[in-house]
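Scroll down for the structure; my scribbles are underneath it.
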Amino acid sequence: MPVRAWRFKSSHPHRRRSCTAGTSPGRITRSRESGGSAGDDDGDVYGLVVRVAVVVLALSLTAWVALSVAVLVGRVRYDLSRRESPSRALGEREARRLVRRASRRARTDRGTWLRISALRRLARARHPAAPRLLRTALGDPDPRISAAAVRGLGDLGDEWAIDLLLDALREERAPRSRIAAQLERLAPLPRAGLLPLLRDKDPAVRFWGATLLAPYRELGDASLVLLTEDSDPNVRAAAVETLGDRSGDAAAAATLALLHDPAWFVRVHAARSAGRLLGAEAGPSIVRLLADVRWWVRTAAKDALRGLGPEAVSALLPMLTDTDAFARNGAAEVLQDIGFVDHLALERPDSPLLERIYAAGGERMRVAAEVRTGRRKRERKARAA
Amino acid sequence: MTGDLLGWVVVFCLGYLLLTNLVYVVLVFVAAFENGVRRTESASEDYQTLASSRFTIPVSVILAAYNEETAIVPTIRSLLALDYPEHEVIVVNDGSTDATLDRLRETFLLEPYEVFVRRVFETEEVHAVYRSAGHPNLVVVDKANGGKADALNAGLNVARYRYVCGVDADTVFDPDALLKGMRRVVHDPARIVGVTSHLTIALDPGRAMAAPHGRRPIDRRPLVAYQHLDYLRAFFNNRLAWSRLGFMLCSVGAFQIWRRDVLEELGGYSRTFTCEDIELTFRVHERFLREGRDYEIHCLPDNVGTTEGPDTVGKLVAQRERWQRVIDETVWHYRRMWFNPRYRSVGLIGAPFYLVTEVLAPAVELTALVSLVAAVALGLFEPSAFLVLLAAIAFMNAALTACAILLDDLQSRTYRTRDLARLLLLAPLDLVLYRPLIIWARLKGSWRFLRGDKAWHKFERNARAPAA
């Protein structure tokens, strides 16, 4: 498109000045038709604007067409082929390409993710080169590569893969929570390898060892009880959490002891475990935590007592007149949540005990209970009718 | 003299336009790179283990609702159906004057309970807390009206988990939304303090999300289609690039994951701004960079849900006017960050980018429009030249829009091919059919900001088919 076609109008005589008189954007250049030279046009800012616009238009129009074609062709090709399943058998050529890619140390972010993708494909396809490549990748200084190796090992799930995962957990070659997720996914296969973790000198390893023992109820009771006296509070918390699903006097004694642990989060785990392990027997010990200085301990105590259901009532009632306000309203809240308040409101609405609960829980507890029980009464009536 | 002045104004406006579009082109390249990285990363993620492992970090989802009787039920159903190992849904009814609470009571069999919660943040009075007989992980807090930030703070008081996800009441989520949002967090919870992700738009999100993946329709009405394109450009061309460059400055209100201890440390959502999302993101950056702490805020390209878009021009203008106001408020409030090397890429690129392309844009766009029309009217500009300029701008926008469509389709393959073709064809007309509305809304927003108006101006929800 010739530039001269887009010259500016120059209908007013005072605007008919050559650009040599100045290059102000407001001034109008003479057109080529009226005798101006090409150099005149070049010096005109408006002319420049239009030339830039023409170039931008040409480029952007081309880009728009090209991108539109890319969207539609890419989509149609995708719809035709559908996404390939990563676990399908690999062709020989593709496998070679993936092995090459997975072996190469990536220099760019994109290269790193292509390598990760290749590792995953090879692991899912159980390619013979996968063990070697995953072993190498596990030692890679880039945490994304080592995390991908962890996922690949989880996909394979062979004995040697589990050993590598356990080593990776000890040496923290990837986020330990992600390694633990793969080990737990492979349960019960890693069982034999977990006990040594409990004796590791690194407290983080002992923590994960105790945590991962949860699904193996027959394994490691004595070691877990020992770990409840560990110097590291995280280990004590993990040990007591796992003990919650065990049985036996030693486990019970250790759990009850940790209800008084100086670390607040240990008390949280101990409260939950005591409820599961000892049932109503733990009620009187857990209710004391309703007056704990930490909010989360009080919340855990409430959760544990709710879990006990009606069996918690006898332990909760004395707390309704406790000197601590948190203990009082916590006890009332649990009595409400386990249905005791509704039971009294429906069956014995004039009970002094109900008034004691309302006094501890506040006026809003009464209002809420009346709304709930009013509805139930209406339902009863409707059924009777 | 007038001609000179007008000429300079035209050149300035076109220069501004060219410069900002060049910046957008650079951002598109960065965004394409980021999209590729995240796509490969997502493809190699072990979602199955993530969805079933007890080591996946639990999340409290907080939904603030004000007069949402038509929209809220499908939203909560989608939240309860999230495929995630452990999450709770906290709905805060912020003093609705319609039947929002009644709809919730009926649908989810709510019953009032007295619940003693921590009061980390001061909020308007909580009237009642409800639990659902059918969904143990659903809690509904009914409180006096205090605005969205206040409602979210009330939700934070009830939240139990380490990460919270703030969502909007008009957004319906994919079952794997939380998994996709949290997939990067679980690898590095110590550094990743905030995540947001891509959302799309529909007149009736529930109906749109009911269609299977890959065959999801895009509304045929141009107003909705152009909003859809607007969202694609914002997420794929801008936020992905910002995320890669370390200045992700807008964690969108419809899906914002935050580490709760960060929110507690910063005092929660602020009530002093028109809207809470952008301001909070700026505040997190400001605090962490000022204290030299290591952190990351991400925008992910995964399509996590569909939000409701206005179905009339009036509603659209009201919504965008509010967005402009909150951007102006936030950028002005954090002006100490502009060009300040202490705030690294946020101070040197992110905040100035917002200033130039968002705060100043309405004034420049208006000036460009007026000066170009005046130049043509005064005979300084030939109409044909004017048309070439318009076409150049229109196709530059269209090319950028096509990039966003391409990046989205590569990432999610959500929509039908014929809908994608329609979007591509609509893109060049954006400048004449849609952009004037947005310019008008932004001008209104800027004017109201200058007047100190901080009202929400909530737009009326679209009429929908009743929830089943």
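The values are calculated or read from the model by the stated rules, or taken from the named source; none is laboratory data. Bear in mind the structure is a predicted one, so any value in this text is a computation, not a measurement. As a convention, Cβ positions derive from the backbone with ideal geometry for all residues, glycine included, and neighbour counts pool all protein chains shown.
Here are some notes:
- Criterion: aliphatic (A, V, I, L, M) and either more than 30 Å from B:E114 (Cβ to Cβ) or touching a Phe, Trp or Tyr at 6+ places or on another chain (Cβ under 8 Å) (or both) - qualifying residue of B:V158, B:V193: B:V193
- Candidates B:Y16, B:Y24: the one that is modelled with pLDDT under 95, assigned to a helix (DSSP H, G or I) and hydroxyl-bearing (S, T, Y) is B:Y16.
- Residue in the range B:361-383 that is acidic (D, E) and within 14 Å of chain A (Cβ to nearest Cβ) present: yes
- Index of the failed condition, A:R126 passing every other in (1) of a type in the set (K, R); (2) surrounded by fewer than 19 Cβ atoms within 10 Å (Cβ to Cβ); (3) within 12 Å of chain B (Cβ to nearest Cβ): (3)
- Those residues of the range B:104-114 which are in contact (Cβ under 8 Å) with a residue 24 or more places away in the chain and either facing another protein chain (nearest Cβ under 7 Å) or surrounded by fewer than 20 Cβ atoms within 10 Å (Cβ to Cβ) (or both), in sequence order: B:R105, B:T107, B:L109
Residue-wise test of (1) in contact with a strand residue (DSSP E or B) (Cβ under 7 Å, 6 or more places away or on another chain); (2) in a loop (DSSP other than H, G, I, E, B).
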site: B:G166; (1), (2): yes, no
site: B:V172; (1), (2): yes, no
site: B:P175; (1), (2): no, yes
site: B:Y231; (1), (2): yes, no
site: B:I257; (1), (2): yes, no
site: B:D261; (1), (2): no, no
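- The set of residues in the range B:420-458 being assigned to a loop (DSSP other than H, G, I, E, B), within 21 Å of the chain's Cα centre (by Cα) and of a type outside the set (F, W, Y) consists of B:K454, B:A455, B:H457, B:K458.
- Qualifying residue in the range B:7-14 (condition: touching a Gly at 6+ places or on another chain (Cβ under 6 Å), within 14 Å of chain A (Cβ to nearest Cβ) and touching a residue at least 12 places away in the same chain (Cβ under 8 Å)): yes
- The residue of the range A:106-123 that is nearest to A:L164 (Cα to Cα), among those that are touching a Ser or Thr at 6+ places or on another chain (Cβ under 7 Å) and surrounded by fewer than 23 Cβ atoms within 10 Å (Cβ to Cβ), is A:S117.
- B:T272 meets all of the listed conditions (1) crowded, with 24+ Cβ neighbours inside 10 Å; (2) outside any helix (DSSP H, G or I) but one, namely (1).
- Test: residue in the range A:149-170 that is surrounded by fewer than 19 Cβ atoms within 10 Å (Cβ to Cβ), without any contact (Cβ under 8 Å) to a residue 40 or more places away in the chain and facing another protein chain (nearest Cβ under 8 Å): no
- Per the conditions (1) more than 26 Å from the chain's Cα centre (by Cα); (2) of a type outside the set (K, R); (3) outside any helix (DSSP H, G or I); (4) away from chain B (no Cβ under 12 Å), the sole criterion not satisfied by A:V99 is (3).
- For the range B:27-58, filtering for residues that are of a type outside the set (V, I, T), more than 7 Å from chain A (Cβ to nearest Cβ) and not in a helix (DSSP H, G or I) leaves 3.
- Yes/no for B:V346 being of a type in the set (V, I, T), within 14 Å of another protein chain (Cβ to nearest Cβ) and more than 25 Å from B:L423 (Cβ to Cβ): no
- Qualifying residue in the range A:346-368 (condition: among the basic types (K, R), without any contact (Cβ under 8 Å) to a residue 40 or more places away in the chain and closer than 22 Å to B:V126 by Cα): yes
- Restricting A:L114, A:L119, A:L133 to residues that are over 24 Å from the mean Cα position of the chain (by Cα) and either outside any helix (DSSP H, G or I) or among the aliphatic types (A, V, I, L, M) (or both) narrows the list to A:L133.
- Hits in the range A:21-47 - residues which are at pLDDT 50 or above and at the interface with chain B (Cβ under 9 Å from one of its Cβ atoms): A:V45, A:Y46
- Pick from the range A:345-372, criterion under 19 Å from A:G283 (Cβ atoms) and under 43 Å from the mean Cα position of the chain (by Cα), ranking: farthest from the other protein chains (Cβ to nearest Cβ): A:R356
- Per-region count, the range B:115-124, residues away from chain A (no Cβ under 11 Å) and surrounded by fewer than 22 Cβ atoms within 10 Å (Cβ to Cβ): 3
- Taking the range A:183-229 as the range and being small (G, A, S) and either more than 18 Å from A:R246 (Cα to Cα) or surrounded by 15 or more Cβ atoms within 10 Å (Cβ to Cβ) (or both) as the test, the residues that pass are A:A192, A:G193, A:A204, A:G209, A:A210, A:A214, A:G220, A:S223.
- Screening A:R375 with (1) out of contact with any Leu (no Cβ under 9 Å at 6 or more places or on another chain); (2) surrounded by 14 or more Cβ atoms within 10 Å (Cβ to Cβ); (3) facing chain B (nearest Cβ under 9 Å) gives one miss only, at (2).
- Any hit, the range A:349-371, residues being on the phi < 0 side of the Ramachandran plot, among the polar types (S, T, N, Q) and surrounded by 18 or more Cβ atoms within 10 Å (Cβ to Cβ): no
- Out of B:A399, B:A385, B:A391, sole residue that is within 24 Å of A:L72 (Cβ to Cβ), part of a helix (DSSP H, G or I) and more than 24 Å from the chain's Cα centre (by Cα): B:A391
- Count - residues of the range B:387-396 that are more than 7 Å from chain A (Cβ to nearest Cβ) and more than 17 Å from B:G15 (Cβ to Cβ): 2
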